[in-house]
1. In percent, how large is the relative contact order of the range 11-115, given Cα pairs closer than 8 Å and 6 or more residues apart?
2. Full extension from residue 87 to residue 59: what is 0.36 nm times the residue separation minus their Cα-Cα distance, to one decimal in nm?
3. What does the helix-only formula give at 222 nm for the chain: each DSSP H stretch with n ≥ 4 adding -39500 (n - 2.57), the total divided by the residues, and the result rounded to the nearest 500 deg cm²/dmol?
4. Please state the equivalent ellipsoid semi-axes for the chain: what are the square roots of 5 times the Cα gyration tensor eigenvalues, largest first, in whole Å?
5. Please label the shape of the range 77-119 as rounded, prolate or oblate, based on the square roots a ≥ b ≥ c of the eigenvalues of the alpha-carbon gyration tensor (a/c under 1.5 means rounded; beyond that, a/b larger than b/c means prolate, else oblate).
6. Among 15, 58, 41, which one shows the highest mean-square fluctuation when the chain is modelled as a Gaussian network with alpha-carbon springs under 10 Å?
7. With everything on Cα atoms, drop me the angle between helix 95-108 and the longest principal axis of the chain, reported from 0 to 90° to the nearest 10.
8. Taking the chain as a Gaussian network, where each spring joins two C-alpha atoms under 10 Å apart, which residue of 48, 27, 57 fluctuates the most?
């Protein structure tokens, strides 16, 4: 799923998709919380030895929550950027640099994966 993005590819055309192994919960305040299970063998050993939780929760801020609500499997990065600009205006600037960094952080942590449009 984490295929390398070629320099010749247009990153803005990629469609982010959520990892089905994680739960995405909208809290009462409207912000998103990503719940990540810790169920690998190493995690199970750590839970027994150090009493670590079975899952951990990642609380997203307002802009991060908005981005994740728009990762619906059909919006590409460019569409999400346009929605961000419409909703947050200058607060989201520099828009595509920030959005690209955020999408790559989610991708590198396997919270989402990117698919090339048409695949």
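1. Details: 127 pairs, mean separation 39.0, N = 105.
Contact order relative to length: 37 percent.
2. Values: separation 28, 0.36 × 28 = 10.08 nm, distance 2.03 nm.
Fully extending the segment from residue 87 to residue 59 adds 8.0 nm.
3. Working: 4 runs with 44 residues, N = 119.
Using -39500 (n - 2.57) per qualifying helix, the result is -11000 deg cm²/dmol.
4. Numbers: eigenvalues 158, 70, 26 Å².
Working through the eigenvalues yields semi-axes of 28, 19, 11 Å.
5. Numbers: a/c = 2.86, a/b = 1.56, b/c = 1.84.
Oblate.
6. Maximum among the listed residues: 41.
7. Between the helix axis and the principal axis of the chain, the angle is about 30 degrees.
8. So, out of 48, 27, 57, the one fluctuating most is 48.
Every number here is computed from the coordinates shown, using simple stated rules; none is lab data. Worth saying up front: this structure is predicted, and the values here are computed from it rather than measured. Every residue, glycine as well, gets a Cβ built from its backbone with ideal geometry; the counts of neighbours run over all protein chains shown.
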